[in-house]
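Structure record follows, encoded as structure tokens.
The values are calculated or read from the model by the stated rules, or taken from the named source; none is laboratory data. All figures in this text were calculated on a predicted structure; none of them were measured in a lab. Cβ placement follows ideal geometry from the backbone for every residue including glycine, while neighbour counts extend to all protein chains displayed.
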Amino acid sequence: MVEITGKGETRLSARYAAALYALAAEQGILNDVTAQMEALGRLIAEHPDIARMVHNPLTDGPKIAHAISAALTAGGFLPVIVNFVNVAIANRRLKDLPELITGFAAYAAEKRGEIIAEITSAHALTDLQRAQLRARLTESGFGAVKFIERVDASLLGGLILKIGAKIYDTSLKSRLNRLNHSLKGAA
């Protein structure tokens, strides 16, 4: 039985992650499932129409389940991934699918001894920035680090780095908010 540790994922995503991880390990396709879950996460993140459909609470999951299954199968996704998405839809968790994917990545990384670093930046990171950040984290005592990257233009600049329960916020948005609060306090 796979134990659920709860590090880096919510209780909901931990249950789904543990089940998918156990099934993939049992079938000997863990690396393929991990890679395809990452690809599914990128697919949702990079296509605004798909993201809107997934995040929209009015989307009737059961009605579109067949179309999603057909699209994923045509896209070359493993039957395990298609079934995982179908279970999420059947349990009315389509809107939670990105969280379930992130939770699986965190769970699989933890099982491999990797540390998950969630990076939210105003613009996509370059390879040089990624390498510099990885080097800094290695200097700070973090060994094998896996990045989960998000782009949020509202940050204006800088980034937010979340490792475990620690959050390092160097975004321009938070700096401006802190300056605003300090100026209000001085008045």
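Key figures for this structure:
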item: Matching strands (runs of 3 or more DSSP E) fully within segment 99-187 where at least 1 residues are under 21 Å from Tyr16 (Cβ atoms) and not assigned by TED's automatic domain parsing to the domain that holds Ala18; result: 115-121, 145-151, 159-163
item: Residues of segment 62-81 satisfying the condition of being of a type in the set (A, V, I, L, M, F, W, C) and not in a helix (DSSP H, G or I); result: Phe77, Leu78
item: Residues that are assigned to a helix (DSSP H, G or I) and over 12 Å from the mean Cα position of the chain (by Cα), drawn from segment 44-60; result: Glu46, Pro48, Asp49, Ile50, Ala51, Arg52, Met53, Val54, His55
item: Members of segment 26-38 found to be assigned to a helix (DSSP H, G or I) and without any contact (Cβ under 8 Å) to a residue 12 or more places away in the chain, listed by number; result: Glu26, Asn31, Ala35
item: Residue satisfying condition, being over 28 Å from Arg11 (Cα atoms), surrounded by fewer than 16 Cβ atoms within 10 Å (Cβ to Cβ), more than 18 Å from the chain's Cα centre (by Cα) and touching a residue at least 40 places away in the same chain (Cβ under 8 Å), within set Leu156, Leu179, Leu183, Leu172; result: Leu172
item: Residue satisfying all of: in segment 48-102; small (Gly, Ala, Ser) and surrounded by 18 or more Cβ atoms within 10 Å (Cβ to Cβ); modelled with the highest pLDDT among these; result: Ala88
item: Segment 159-169, subset modelled with pLDDT of 90 or more and β-branched (Val, Ile, Thr), residue surrounded by the most Cβ atoms within 10 Å (Cβ to Cβ); result: Ile160
item: Residue tally, condition touching a strand residue (DSSP E or B) at 6+ places or on another chain (Cβ under 6 Å) and farther than 19 Å from Phe84 by Cβ, over segment 104-118; result: 5
item: Residue within segment 133-153 that is modelled with pLDDT under 90, of a type in the set (Asp, Glu) and surrounded by 11 or more Cβ atoms within 10 Å (Cβ to Cβ) present; result: yes
